[in-house]
Amino acid sequence: MSVMSKKIQSAVLKAIGASAAVVLSAQLAQAGTFSVSTNSGVKGQFPNAQFANAMGCTGENISPQVSWKNAPAGTQSFVVTMYDPDAPTGSGWWHWVVANIPADVRELPAGAGSAAGVLPAGVVSFKNDGGQAGYGGICPPAGQTHRYVMTVHALKVKALPLPTDATPALVGFMTYANRIAKASTTLRGAQK
């Protein structure tokens, strides 16, 4: 093999190696994407279990299951929120705001944020826009379909320094100030 052939072969092998490294790196980054999911939805819709048992709705007011994976390095705690941007208030509606979730927790089971639910030790469930601590079920006006955005925020602090009666807006402010990353999923809900 000539010197020129060896140089070409070496250049080709380097190019293939570099391309393979780029592809592998992209695959690893994609596999490691911070994400959130829920098994409480059916075909992208919340079932009756997640609806309120108030304001004309006859649901079970059970907080949805939410899980997450691939939290970024440096995560020390999580905040979970559920928000309705379509609520007829001019500012949306916070259905669920939970903070100080330990970094080793990766799921809140269905019902964990409901009246009889059990959250991990140290976790704080703040008031929703209905004025109650914990999950406040969905109840879109008849004839409307609303979006419900469930978000998990990865934080760089172990706990947010907040009073237990903090509003969702104050929790949001402190969350954004300490957030490393966030992941969201959206489900829909409509009265039947």
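If the requirement is being surrounded by 14 or more Cβ atoms within 10 Å (Cβ to Cβ) and either basic (K, R) or farther than 20 Å from T33 by Cβ (or both), which of these qualifies: A110, A115, A103, A71? It would help to see each step written out before you state the result.
Numbers: A115 fails: surrounded by 14 or more Cβ atoms within 10 Å (Cβ to Cβ); A103 fails: either basic (K, R) or farther than 20 Å from T33 by Cβ (or both); A71 fails: either basic (K, R) or farther than 20 Å from T33 by Cβ (or both).
Going through A110, A115, A103, A71 in turn, just one is surrounded by 14 or more Cβ atoms within 10 Å (Cβ to Cβ) and either basic (K, R) or farther than 20 Å from T33 by Cβ (or both): A110.
Step by step: first the residues of region 138-192, then only those that are basic (K, R) and part of a loop (DSSP other than H, G, I, E, B), then the one that is farthest from A73 (Cα to Cα). Which residue is that? Working first, answer last.
To start, the set of residues in region 138-192 that are basic (K, R) comprises 147, 156, 158, 179, 182, 188, 192.
With part of a loop (DSSP other than H, G, I, E, B) added as a condition, the list becomes 156, 158, 192.
Working: K156: 9, K158: 14, K192: 43 Å.
Among them, the one singled out is K192.
Please identify the pairs in which a residue from region 54-68 that is within 23 Å of L119 (Cα to Cα) has its Cβ atom under 9 Å from the Cβ atom of a residue that is of a type in the set (K, R), counting only partners at least 6 apart or on another chain.
That search, which allows pairs on different chains as well, returns S67/R106; W68/R106.
Regarding region 177-191, can at least one residue be identified that is under 28 Å from T33 (Cα atoms), in contact (Cβ under 8 Å) with a residue 12 or more places away in the chain and touching a Cys at 6+ places or on another chain (Cβ under 9 Å)? Break it down stepwise before answering.
From region 177-191, those under 28 Å from T33 (Cα atoms) are 177-189; that's our starting set.
Of the ones still in play, those that are also in contact (Cβ under 8 Å) with a residue 12 or more places away in the chain are 178-189.
When the remaining residues are screened for being touching a Cys at 6+ places or on another chain (Cβ under 9 Å), the result is 189.
The answer is yes; a qualifying residue exists.
Output the number of the condition that T58 fails; it satisfies all remaining conditions of (1) surrounded by fewer than 21 Cβ atoms within 10 Å (Cβ to Cβ); (2) under 14 Å from the mean Cα position of the chain (by Cα); (3) of a type in the set (S, T, N, Q).
Going through (1) surrounded by fewer than 21 Cβ atoms within 10 Å (Cβ to Cβ); (2) under 14 Å from the mean Cα position of the chain (by Cα); (3) of a type in the set (S, T, N, Q) one by one, T58 breaks only (2).
Read-outs: derived from the displayed coordinates by stated rules, not from any lab. The structure presented is a predicted model; accordingly, all values stated were derived computationally and were not measured. Every residue, glycine among them, receives a Cβ derived from its backbone with ideal geometry; neighbour counts consider all protein chains shown.
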